[in-house]
Amino acid sequence: MNPSIAALLYAIGICGLFYLDRDKTARPSKALWLAVVWLGINGSRSVSAWLGLGPGPEIPGQLPPESRLDQAIAGSLMLAGFVVLLRRRKDAVAVLKASWPIVLYFAFALISLSWSDYPAWGLKRWVRALGDVIMVLVVATDAQPAAALRRLFSRLGFVVLPVSILLIKYYPYLGRGFDEWGGGVVNTGVTTNKNSLGVLAYVVTLGALWQVLSLLRDKNLPNRRRHLLAQGTLLAFGVDVLFTAHSATSGASFLLGAGLMLVLALQFFRARPRAVHALVLTLLLVGGLAMLLGGEADVTRALGRKPDLTGRTEIWRMLIPMCPNSIGGAGFETFWCGPRVAKFYAMHGGISMTNEAHNGYVEMYLNLGWIGVGLIALILVQGYRRAVHAFRRDPALGALLVAYVVSAVTYNIGEAGFRMLGPAWFFLLLAIVAANRAINFAGTASDPYQEFAERPPWEVDAPRPEPDLVGEP
């Protein structure tokens with residue numbers, strides 16, 4: 001098929017998905033578009049990259065180049081999001097207090113720059129990292145949080161997943177690249193590498209599965225068939241992109257998250273929320289025993305990896321001794337700056353120009369030391385507990401939040417998913433903050449779930465007489 005005709009047909013199909021999924025009963029704030037654009041840019045490619053105005057390749061031993069255009073766009077989005085949160089400051093402050101491990105993590109990240117070799121660069125990254133928190137709060141503090149979450153998945157997924165398939169099939173000079181490890185051709189879609197495409201598909205497809213399960217359960221929803229057609233199509237696109245990306249870590253994380261959601265949908269768990277702990281503990285024990293008994297080789301081969309996780313274990317062995325401070329690390333997001341990078345490339349033979357450890361826990365150790373690893377563990381533990389608590393109030397939404405937190409634990413074994421501006425990190429923060437929002441406002445006049453706690457998520461967001469939080473009457 002001619003690429004131009006294919007692009008036209010895909011554009012028509014995307015518009016059709018938005019049309020099928022329209023819902024006049026749900027009116028989340030228009031500020032949600034800020035989070036959609038933020039995720040769309042950070043989850044794919046920078047605007048300068050799309051326009052062919054990138055700042056150039058990274059040079060080992062030097063600070064990564066920056067684009068003034070990208071900085072201006074990110075700053076504008078963050079400023080707009082901050083203005084929105086000022087108008088919602090009561091809810092935003094309450095949710096931040098409930099999410100105190102996240103606040104503690106960012107506070108320590110800022111302090112760590114005091115011993116960094118590149119504090120100015122790290123400070124820029126830290127300020128940029130606040131953009132993830134701002135956009136998470138924009139979604140979580142919406143007057144209709146469940147509707148906002150659904151719209152976030154749909155608006156993002158309806159565009160990035162079909163366009164990825166379009167680029168891979170009909171515009172290979174944009175949708176394909178070369179594997180940094182093996183040198184072969186890989187599918188990148190709207191992103192810059194296969195792992196980025198895989199994680200984008202993994203987080204969005206979990207959201208599509210959540211919506212499909214909700215629709216299947218609620219047989220009395222008006223216009224249920226067209227919603228189901230739209231979300232089912234998005235789910236199919238997501239699964240297709242996951243297979244096309246051939247990212248084993250993202251695929252395994254999706255399967256884990258999807259399996260959790262399907263199992264937690266059973267009446268047994270809905271009637272016994274405490275059984276969730278036993279299920280998750282069983283999964284962790286099985287994985288741990290597999291590692292202890294030498295089954296990791298079989299597991300990694302089943303996931304399409306070599307027994308050494310495609311060279312990752314060798315990278316970890318070289319990187320861990322290079323950490324300048326085992327307690328506090330090199331400083332927030334500054335390990336991969338300066339002479340250390342050139343030294344690593346020399347040790348690795350200069351073959352791979354990687355700028356991450358391909359393991360979230362190792363990456364955290366390199367940048368923030370054992371304190372950073374401990375803070376991440378605290379975030380995960382509190383997030384899991386809050387997600388299970390949310391499951392007791394709303395089993396459908398709670399299952400999604402549990403899936404994000406638990407799958408993030410496994411995703412970070414093979415990829416650095418705790419890094420700023422990444423979809424895995426964004427949705428982990430969103431799951432924790434959304435759970436805290438539901439729990440923190442439980443039983444109060446501001447509780448968005450109060451009178452709908454036992455109803456399906458599609459019914460939670462009935463129209464409310466509140467004004468739009470971005471200023472519309």
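Summary table
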item	result
Prolate/oblate/rounded call for the stretch 118-264, Cα gyration tensor, a/c under 1.5 rounded	oblate
Residue order, fewest to most beta carbons within 10 Å, for Ile134, Ile432, Ile376	Ile134, Ile376, Ile432
Estimated FRET transfer efficiency (Arg225, Arg385; beta-carbon r; R0 25 Å; 0.05)	0.10
Rh by Kirkwood over Cα pairs, then Stokes-Einstein D for the stretch 3-449 at 0.692 mPa s and 37 °C, µm²/s	146 µm²/s
Sequence of Glu333, Glu66 once ranked by neighbouring C-beta atoms within 10 Å, starting from the fewest	Glu66, Glu333
Descending principal axes extents, the stretch 210-278, alpha-carbon based, whole Å	38, 37, 9
Centroid-to-centroid separation of the stretch 374-415 and the stretch 143-222 [C-alpha atoms, Å]	21 Å
Using a Förster distance of 30 Å, the FRET efficiency for Lys30-Ala6 (Cβ separation, nearest 0.05)	0.40
Three-way shape label, the stretch 1-42, alpha-carbon gyration tensor, a/c 1.5	oblate
Nearest-0.05 FRET efficiency for Ala236 and Met318, computed from C-beta distance (R0 30 Å)	0.15
Percent RCO, i.e. relative contact order, over the stretch 3-449, from Cα pairs under 8 Å lying at least 6 residues apart	22 percent
Extension reserve of the Trp100-Phe178 stretch, reckoned as 0.36 nm per residue once the Cα distance is removed	24.0 nm
Order of Leu285, Leu79, Leu197, Leu366 - criterion: other Cβ atoms within 10 Å of each residue's Cβ, fewest first	Leu285, Leu79, Leu366, Leu197
Reachable lysines, given that their alpha-carbon falls under 30 Å from the alpha-carbon of Lys169 and they are not under 8 places away in the same chain	Lys194, Lys306
Shape call, the stretch 199-250: gyration tensor on alpha carbons, a/c limit 1.5	prolate
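The numbers here are math on the coordinates, done by the rules we state, and not lab data. All values reported here derive from a predicted model rather than from experimental measurement. Because the Cβ atoms are built from the backbone with ideal geometry, glycine has one as well, and the counts that use them run over all protein chains shown.
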